[in-house]
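Trainee: Provided herewith is a single structure, encoded as structure tokens, for subsequent inquiry.
The values are calculated or read from the model by the stated rules, or taken from the named source; none is laboratory data. Quantities reported herein were computed from a predicted structural model and do not represent experimental measurements. We place every Cβ from the backbone using ideal geometry, glycine too, and count neighbours over all the protein chains shown. Keep in mind that these areas ignore ligands, DNA and RNA; they rest on the heavy atoms of the full protein, side chains included. Shrake-Rupley method; radii C 1.70, N 1.55, O 1.52, S 1.80 Å.
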Amino acid sequence: MRDGGPLERAGLALLLMAAGAGARPRPVGPGDQPRSNVVLVACDSLDGRLTFFPGNQTVDLPSINFMKRHGTVFLNAYTNSPICCPSRAAMWSGLFTHLTESWNNFKGLDPHYVTWMDLMEKHGYRSQKFGKLDFTSGHHSVSNRVEAWTRDVKFLLRQEGRPMVKLTGHRKQFRVMETDWQNTDKAVKWIKEEAVNFTQPFVLYLGLNLPHPYPSPYAGENFGSSTFLTSPYWLEKVNYEAIKIPQWSSLSEMHPVDYYSSYTKNCTGEFTKEEVKNIRAFYYAMCAETDAMLGEIISALRDTGLLGKTIIIFTADHGELAMEHRQFYKMSMYEGSSHVPLLVMGPSVREQQQIPSVVSLVDIYPTMLDIARIPVPKNLSGYSLMPLLHEKTESEVSPRGPRPSWVLSEFHGCNVNSSVYMLRTGKWKYITYSDGSSVPPQLFDLTADPDELTNVAIKFPVTIHSLDKILRSIVNYPKVSSSVQHYNKQQFISWKQSLGHNYSSVIANLRWHQDWLKDQKKYENAIDEWL
């Protein structure tokens, strides 16, 4: 945001994207290979650290391991916003969250936004989508959006059910998340019955819900999703001995934003080590089921002879804390939440390659266009991954020059009482909040402290100053935070007015109802003071 506001920049992006839509693919020379097919499998909530050592020792993920053997794994891939809709908006637009103003799970991209798939279709690709998309506005529960709008209100309410596990089915039951399996079946059928006959290249997207936790109806009306559910079949894939019990700070020592997150996620109570280990084990089992669906897609491509002509990309919208830092879910810049899997295999992609460069989901858009030989708009936040995959220097192939040595992630939604900005570069992870001064920043040395247990911000003021300067050159984050606060208040006022006399009853029975109903007047007064 060096010039103009976020809305102005997003409008410019739309114009440039539309202009790119009319551009012609790069001409194919006599020595050029046909354009590759592309398959993108995007799951929900998979911790990227499970795709490489030592995280991959906890659970058997044969399809991910197959992609590692025959392709490339990115060791430092990040979400641009650790929550479903804003993250996917970044993936489908190639733009940072503050540029598209995808502030929460209700506020994403305009439905008419020109995505990379739209451009690929215009340039001769056959396309198909199955499963979870979730990048446009208007989705998710009323609770979810009201919690995001009211995060600046001076109250503290539990918004989620307490995280728990549930075993279902029997030792031979592998289809637990039936919706995901049905969408995988559709994708397999499409590959075997339609894609195999195409004379043009194709692009296929499969969006999975797993390993996102399941809904928790035991928590009453407007329940959230705090149940880690699997069958014995998948639980047997988990190496219990390798499961690490995360170290927690005491509640009094927690960063103030972490405490708010932990409390609203219903994680400040007592948990036994066995409970924590089970939550993590069940989560890993859900990852194993996710991996099996990826395997079905790879098998379908192999069976049809398309595997050698197709680039496969596997990623997730964000990770899952699984009780690290006394939290579950995402909505955090800690590694469990912000580090995503990113694996690529296919024609001309180097095998058994591990890339340490920091990358993020906005890089998907220019990568897709690069694969399709479509000119990449210069306004994108992301950079194509193809030079890294081919071991070329960026300046050789990109008029934009080399990719930056940092990635940006930001969060403006529920379960966190401040806008959050994360800059990851080298060994450092810098996290700052709101206006940069009202909430203390965090700095982690990920080489010395991979579990992010020691905030060294006070020890390294020069580093903090340097990283903050880089961050402010990318985004005027105090201004963005102020814009989000204004948006939240205006949205809440509109919603309240739309309810009329029903307001008190409706707001009392959202996900926070168990706490709200103990002192309804107190919480309504807190909102009135905020307004």
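Trainee: Just one of (1) within 14 Å of Asp317 (Cα to Cα); (2) in a loop (DSSP other than H, G, I, E, B) trips up His140, so point out which.
Mentor: Failed condition: (1).
Trainee: Say whether the condition of being surrounded by fewer than 19 Cβ atoms within 10 Å (Cβ to Cβ) and at positive phi is met by at least one residue in segment 422-436.
Mentor: So far as segment 422-436 goes, yes, one or more of its residues are surrounded by fewer than 19 Cβ atoms within 10 Å (Cβ to Cβ) and at positive phi.
Trainee: Also: Picking from Gly169, Gly161, which residue would you name as being out of contact with any helix residue (DSSP H, G or I) (no Cβ under 6 Å at 6 or more places or on another chain) and either open to solvent by less than 60 Å² (accessible area, probe 1.4 Å) or in a strand (DSSP E or B) (or both)?
Mentor: Being out of contact with any helix residue (DSSP H, G or I) (no Cβ under 6 Å at 6 or more places or on another chain) and either open to solvent by less than 60 Å² (accessible area, probe 1.4 Å) or in a strand (DSSP E or B) (or both) holds for just one of Gly169, Gly161, which is Gly169.
Trainee: A further question on this structure: So the check is Cβ under 6 Å with 6+ separation or different chains; which pairs have a first residue in segment 159-182 that's more than 30 Å from Cys267 (Cα to Cα) and a second one that's of a type in the set (S, T, N, Q) and open to solvent by less than 30 Å² (accessible area, probe 1.4 Å)?
Mentor: Qualifying pairs under 6 Å: Gln173/Ser231.
Trainee: Let me ask you something else. Of the residues that make up segment 385-399, is at least one under 19 Å from Phe135 (Cβ atoms) and open to solvent by less than 10 Å² (accessible area, probe 1.4 Å)?
Mentor: No, that holds for no residue.
Trainee: Right, here's the next one. Listed residues Asn37, Asn80; which is surrounded by 23 or more Cβ atoms within 10 Å (Cβ to Cβ) and not assigned by the TED database to the domain that holds Ile364?
Mentor: Exactly one residue qualifies, and that residue is Asn37.
Trainee: Run down Ser231, Ser249, Ser225, Ser261 and say which single residue is farther than 30 Å from Glu296 by Cβ and surrounded by fewer than 21 Cβ atoms within 10 Å (Cβ to Cβ).
Mentor: Ser249
Trainee: Those residues that are open to solvent by less than 40 Å² (accessible area, probe 1.4 Å), without any contact (Cβ under 8 Å) to a residue 60 or more places away in the chain, part of a loop (DSSP other than H, G, I, E, B) and of a type outside the set (Asp, Glu), I need them from segment 442-464; list them, please.
Mentor: Residues satisfying the conditions are Val456, Ala457.
Trainee: If you go through segment 429-443 one residue at a time, do you hit one that is of a type in the set (A, V, I, L, M, F, W, C) and over 21 Å from the mean Cα position of the chain (by Cα)?
Mentor: Taking every residue of segment 429-443 in turn, at least one turns out to be of a type in the set (A, V, I, L, M, F, W, C) and over 21 Å from the mean Cα position of the chain (by Cα).
Trainee: Determine which member of the set His70, His112, His123, His98 is farther than 26 Å from Gly224 by Cα and open to solvent by less than 10 Å² (accessible area, probe 1.4 Å).
Mentor: His98
Trainee: Do the conditions hold for Lys469, that is, is it open to solvent by 20 Å² or more (accessible area, probe 1.4 Å), assigned by the TED database to the domain that holds Val73 and more than 23 Å from the chain's Cα centre (by Cα)?
Mentor: Spelling it out, it is not the case that Lys469 is open to solvent by 20 Å² or more (accessible area, probe 1.4 Å), assigned by the TED database to the domain that holds Val73 and more than 23 Å from the chain's Cα centre (by Cα).
Trainee: Then there's this: Got a sec? Which helices (runs of 4 or more DSSP H) wholly within segment 465-531 have at least 2 residues that are without any contact (Cβ under 8 Å) to a residue 60 or more places away in the chain?
Mentor: Filter on segment 465-531 gives 477-499, 503-508, 520-530.
Trainee: Sticking with this structure for a sec: Just to be sure, is Thr184 of a type outside the set (A, V, I, L, M) and touching a Leu at 6+ places or on another chain (Cβ under 8 Å)?
Mentor: Judged against the criteria, Thr184 is a match.
Trainee: Of these, Ser504, Ser498, which one is closer than 23 Å to Asn104 by Cα and polar (S, T, N, Q)?
Mentor: Ser498
Trainee: List every residue pair whose Cβ atoms sit under 8 Å apart, with the two residues 6 or more apart in sequence or on different chains, where the first one lies in segment 249-269 and is closer than 10 Å to Arg162 by Cα and not assigned by the TED database to the domain that holds Leu510 and the second, anywhere, is open to solvent by 20 Å² or more (accessible area, probe 1.4 Å) and of a type in the set (Phe, Trp, Tyr).
Mentor: Taking only residues 6 or more apart or on different chains, the pairs are Thr268/Tyr259.
Trainee: A further question on this structure: So Ser337 ticks every box in (1) over 30 Å from Thr264 (Cβ atoms); (2) in contact with a His (Cβ under 7 Å, 6 or more places away or on another chain); (3) among the polar types (S, T, N, Q) but one. Which box is left unticked?
Mentor: Every condition holds for Ser337 apart from (1).
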